[in-house]
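Inspection log for the structure reproduced underneath, given as structure tokens.
The values are calculated or read from the model by the stated rules, or taken from the named source; none is laboratory data. As the structure is a computational prediction, the values presented were derived from the model and not from experiment. Positions of Cβ are backbone-derived with ideal geometry, glycine not excepted, and every protein chain shown enters the neighbour counts. Areas reflect the complete protein model, heavy atoms only, side chains present, ligands, DNA and RNA absent. Shrake-Rupley method; radii C 1.70, N 1.55, O 1.52, S 1.80 Å.
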Amino acid sequence: MVLGQYDNRIRFLRKKFPVSIDVSEKTITISGESDQAVAAVERILSQLVTAARKGYMMDWNEFESLVDFHGPQDVAPLSDTDYSSSFSVLRGKVRPRTNGQFQYVRAMKSKDMVFAIGPAGTGKTYLAVAVALDYLRTDQIQRIILTRPVVEAGERLGFLPGNIVEKVDPYLRPIYDAILDMMPAERFYAYRERGTVEIAPLAFMRGRTLNNCFVILDEAQNVTHQQMKMFLTRIGFNSKAVITGDVTQLDIEKKRSGLLECEKILKGIEGIEFVYLSESDVVRHPLVKKIIKVYEEYEMTRNNDEESV
């Protein structure tokens, strides 16, 4: 099973790397003119075997991500324990599936403030919620606060039926989806009733001091300079903040994005880390990764054409 059905993973590696792979009953022999390619394939197979020995079998998407990571880039290999690491939430365990996701989880556990920037499907919100629930489960924090900007918070919001909570709930639905995937609905609503888990629009953060919290700001690419400054200065003692965003999906003018601004002014501050995820970290349907890639290529071409006009 490590090598895949009918050794399809071996065949995939032969296509990806200029190597020869011979499989016998107890050994795998890798040879080729490129030492770098041989070493990369050796690392990939070693991690497949290590994960299998620890009871975890990678699916095809995880295998492809592993191959992409050890491809032509000149990067250091992952440690043998990386693909077996996981952490608990109320509904079992969550396991990062790509190198980028591992770096993201490590950053959240080691830094007080983390910015995660990447396209849809890379697990930015999902993993942040999972780590927050793990911190809550182990009593490292007392509350989880999840927030995001309501971009259409002007006139059109006023025409929606219901009170303010009912008006903004549709904008917060992605956060609900992530947390309900890891927690029974009755537990979630009990936590909300007690204030243990709070989901609110970003505007509700003004004037507060958030102590003993794990705070997640989602869709931060649509946060303005003033909103971002307000949010970042709410963080109190024994708290962690995770700010996620996709700079390719701006719903406000680029020059107004507080997330893009943060990249320029906050890098290098101790305790803050920026993590960049890419299409290789997408863990949704395989088509999503391909769609993101062709859109990036298209937008790059379009931007170049506009600059040349």
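Only one of these is crowded, with 19+ Cβ neighbours inside 10 Å and of a type in the set (D, E, K, R): 229, 240. Name it.
Residue meeting the stated conditions: 240.
Starting from segment 15-28, take each residue that is over 21 Å from residue 68 (Cβ atoms) and without any contact (Cβ under 8 Å) to a residue 12 or more places away in the chain and list its partners that are of a type in the set (Val, Ile, Thr) and open to solvent by less than 90 Å² (accessible area, probe 1.4 Å), counting only C-beta distances under 7 angstrom and pairs at least six apart or across chains.
Listed by first residue and then by second, the contacts come to 22/29.
Pick from segment 288-309 the residues that are open to solvent by less than 90 Å² (accessible area, probe 1.4 Å) and not polar (S, T, N, Q): which of them is modelled with the highest pLDDT?
Applying the filter and picking the extreme gives 294.
Looking at (1) open to solvent by 10 Å² or more (accessible area, probe 1.4 Å); (2) part of a helix (DSSP H, G or I); (3) modelled with pLDDT of 90 or more, which is the one condition that is false for residue 187?
(3)
Within segment 220-264, track down each residue that is among the β-branched types (Val, Ile, Thr) and assigned to a strand (DSSP E or B). Steps first, please.
From segment 220-264, those among the β-branched types (Val, Ile, Thr) are 223-224, 233, 235, 242-244, 247-248, 252; that's our starting set.
Those that are among the β-branched types (Val, Ile, Thr) and assigned to a strand (DSSP E or B): 224, 235, 242, 243, 244.
Taking residue 250 as meeting all but one of (1) over 19 Å from residue 129 (Cα atoms); (2) surrounded by 15 or more Cβ atoms within 10 Å (Cβ to Cβ); (3) at pLDDT 85 or above; (4) under 20 Å from the mean Cα position of the chain (by Cα), write down the number of the exception.
All conditions pass for residue 250, except number (3).
Restricting attention to segment 255-267, does a residue exist that is crowded, with 21+ Cβ neighbours inside 10 Å, without any contact (Cβ under 8 Å) to a residue 60 or more places away in the chain and either hydrophobic (A, V, I, L, M, F, W, C) or touching a Lys or Arg at 6+ places or on another chain (Cβ under 8 Å) (or both)?
Here is the first cut: in segment 255-267, the residues crowded, with 21+ Cβ neighbours inside 10 Å are 257-259, 262.
Still in the running and without any contact (Cβ under 8 Å) to a residue 60 or more places away in the chain: 257-258.
The next check asks that each one be either hydrophobic (A, V, I, L, M, F, W, C) or touching a Lys or Arg at 6+ places or on another chain (Cβ under 8 Å) (or both); those that pass are 258.
Taking every residue of segment 255-267 in turn, at least one turns out to be crowded, with 21+ Cβ neighbours inside 10 Å, without any contact (Cβ under 8 Å) to a residue 60 or more places away in the chain and either hydrophobic (A, V, I, L, M, F, W, C) or touching a Lys or Arg at 6+ places or on another chain (Cβ under 8 Å) (or both).
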